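Chemist: To start, I am sharing the structure in question, which I have written as structure tokens.
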Amino acid sequence: MMPSSSEMLFILALFVLFFGIERLPKLARSLGMAKGEFQKGISDSRTMTEDDLDRGGKTESAEIVEKAEDAGVEIEGKSADEIKEELEDE
């Protein structure tokens, strides 16, 4: 249900009353930037989820650890990047 024009004017008047006329453009800009970052985050997470599904439901780190264990590479105390480099060297 969409608000009528009189309801929209009332809401706008409340915003002006609470925030002041000079702060409204800053507020609108902040809301726009937040919306853009939210949409970027959603698209990034969607891509990461699709990549995980391509790996059989495993994250990249879990896949690297599994490959290292299969290859007999020591993984204790190492980051995923260090393990990945060690696997590439072999």
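Any read-out appearing in this document is the output of simple, stated calculations on the displayed coordinates, not a laboratory observation. Nothing here was measured: the structure is a model prediction, and the numbers come from that model. All Cβ positions, even for glycine, are placed from backbone atoms using ideal geometry, and neighbour counts span all protein chains on display.
Chemist: Sum up the lysine pairs in the chain that clear both bars: alpha-carbon distance under 27 Å and a spacing of 8 or more or different chains.
Modeler: Close lysine pairs found across the chain: 8.
Chemist: Can you find, among Ser4, Leu53, Ser30, the residue sitting farthest towards the positive end of the charge dipole of the chain, where Lys and Arg contribute +1 and Asp and Glu -1 at Cβ?
Modeler: Ser4
Chemist: While we're here: Using the alpha-carbon atoms, what tilt in degrees (0 to 90, nearest 10) does helix 60-71 show relative to the longest principal axis of the chain?
Modeler: With both axes taken from Cα atoms, the answer is about 0 degrees.
Chemist: Go through the range 9-25 residue by residue and turn each phi into a ³J(HN,Hα) via Karplus (6.51, -1.76, 1.60, θ = phi - 60°); whole Hz please, and just put x for glycine and proline.
Modeler: 5, 5, 5, 4, 4, 5, 4, 5, 5, 6, 9, x, 5, 6, 8, 4, x
Chemist: Percent relative contact order of the chain, based on C-alpha pairs within less than 8 angstrom and at least six residues apart?
Modeler: 13 percent
Chemist: Loop only by DSSP, 12 or fewer other Cβ within 10 Å of the Cβ. Give me the GluC sites (Glu not before Pro) in the range 14-57 that pass, ordered by residue number. Could the numbers behind the result be given before it?
Modeler: Working: sites: Glu22, Glu37, Glu50; in loops: Glu22.
Of the GluC sites (Glu not before Pro), the ones in loops of the range 14-57 whose Cβ has at most 12 other Cβ atoms within 10 Å are Glu22.
Chemist: Please compute the net charge surrounding Gly56, taking Lys and Arg as +1 and Asp and Glu as -1 over other residues with Cβ under 13 Å from its Cβ.
Modeler: Combined, the nearby Lys, Arg, Asp and Glu give -4.
Chemist: How big is the convex hull of the Cα atoms of the chain, per residue, in Å³?
Modeler: Normalising the Cα hull of the chain by residue number yields 179 Å³.
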